[in-house]
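Worksheet: the structure to be examined is printed underneath.
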Amino acid sequence: MAQNIKIVVTDLDGTILPSQGSISKTNYNTLLQLKDQGITRVIATGRTLYSAMAVLPENFPIDYLIFSSGAGIMKWETKELIYSQQIEAGEVQDLSEILIDHEIDFMILDPIPLNHQFWYYQSGNKNPDFDRRLALYKQFATPVGQLSDTKRDACQILAILPNKVDWFEELKTKFTDIKIIRATSPLDHESIWMEIFPEHISKGRGCQWLCDNLKIKASESFVIGNDYNDIDLLEWGKHSFVVANAPKELKAKYQVTESVTDDGFSKAVNETFQATSQQAANRCL
């Protein structure tokens, strides 16, 4: 066992879960082995709670689920919600007005734990990826009829962009208490998803909150991801990896393991644990 690693955090889609298929037996067994070693196992995903639970079996071998990019945390064994945050209604309306002015398609996700439900605005411009997500969750969707409909508390705002995103800088200058997280669409793997949260929300800060409560230090962590919305997580972790299918910009900055389809998670865990165990043994000499 790696003497100085007490928590392992992995992103879900594209990191431990392939876009086509399921979590491999090798990665599943690695999670089981981590439990035997007394290490806390965490999935940190951009998915909503509803979406994450749709792909993770109830008995999946993790201890905590950080979902909606850090806006909520669930204790997995008991399915107890232990942390959640939201954007207040007035600010949601102000943000929505800017998005509408720029003819951007977006969704306003309800507060946790019902953030699979949402109100949506469509500009009328061609946006197949937005249409795709809307079709997936149509039974939970309500259209925005007028601006006043957007004045509601929300877990987050999700804007889906098939084009350039330079104008998002405008949001950053007008609102000092929001965070804009970029992600690659998990649906078409091309479109840009811009996730708008309160400033203090991210996967990394969700991990820090959890570790504070578990009395674990960030220096005792292993983390792994595959996309831009994992940057806060990768910056927070002590031993940070990306899988080989990550964007070039991330692979240039962080340690790289094999791809999601080649059990990169397990290989990075094993490599790190062997290295840290050897370092601990050397210190004892």
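The values are calculated or read from the model by the stated rules, or taken from the named source; none is laboratory data. Not measured: the values here are computed from a predicted model. Every residue, glycine among them, receives a Cβ derived from its backbone with ideal geometry; neighbour counts consider all protein chains shown. Side chains included, ligands, DNA and RNA excluded: accessible areas come from the protein's heavy atoms. Shrake-Rupley method; radii C 1.70, N 1.55, O 1.52, S 1.80 Å.
General remarks:
- Probe 1.4 Å, accessible area per residue of the range 186-285, Å²: 47 Å²
- Between the listed residues G21, N213, I66, the Cα displaced farthest toward the positive end of the dipole of the chain, a dipole computed from Cβ unit charges relative to the Cα centre, is found at N213.
- Most positive-pole-ward Cα, V42, V55, P128, against dipole of the chain from beta carbon charges: V42
- Among the GluC sites (Glu not before Pro) within the range 170-252, those in coil by DSSP and having at most 13 neighbouring Cβ atoms inside 10 Å are E190, E199.
- Over the range 22-100, accessible surface divided per residue gives 42 Å², non-protein components excluded, 1.4 Å probe.
- Filter on K79/K251; K179/K267; K179/K215 - keep pairs with C-alpha separation over 29 Å: K79/K251; K179/K267
- Considering helices alone, the calculated mean residue ellipticity of the chain at 222 nm is -9500 deg cm²/dmol, with DSSP H runs of length four and up weighted by -39500 (n - 2.57) and normalised per residue.
- Stokes-Einstein D (µm²/s) once Rh is taken as the Kirkwood radius of the chain over alpha-carbon pairs, at 4 °C in 1.567 mPa s: 67 µm²/s
- Within the range 72-212, percent of DSSP bridges classed antiparallel, to nearest 5: 90 percent
- Spatially proximal lysines relative to K174 (Cα-Cα < 26 Å; intrachain offsets below 8 disregarded): K151, K164, K203
- Each listed q (0.13, 0.19, 0.22 Å⁻¹) maps to a log10 I(q)/I(0) for the range 53-142 from the Debye sum over equal C-alpha point scatterers, namely -0.56, -0.99, -1.15.
- Of K25, K267, K217, the residue with the largest accessible area leads and the full order is K25, K217, K267 (1.4 Å probe).
- Rounded to 5, percent antiparallel among DSSP beta bridges of the chain: 60 percent
- Alpha-carbon centroid distance for the pair the range 182-235 / the range 84-137, whole angstrom: 21 Å
- The range 97-147 shape via C-alpha gyration tensor axes, a/c threshold 1.5: oblate
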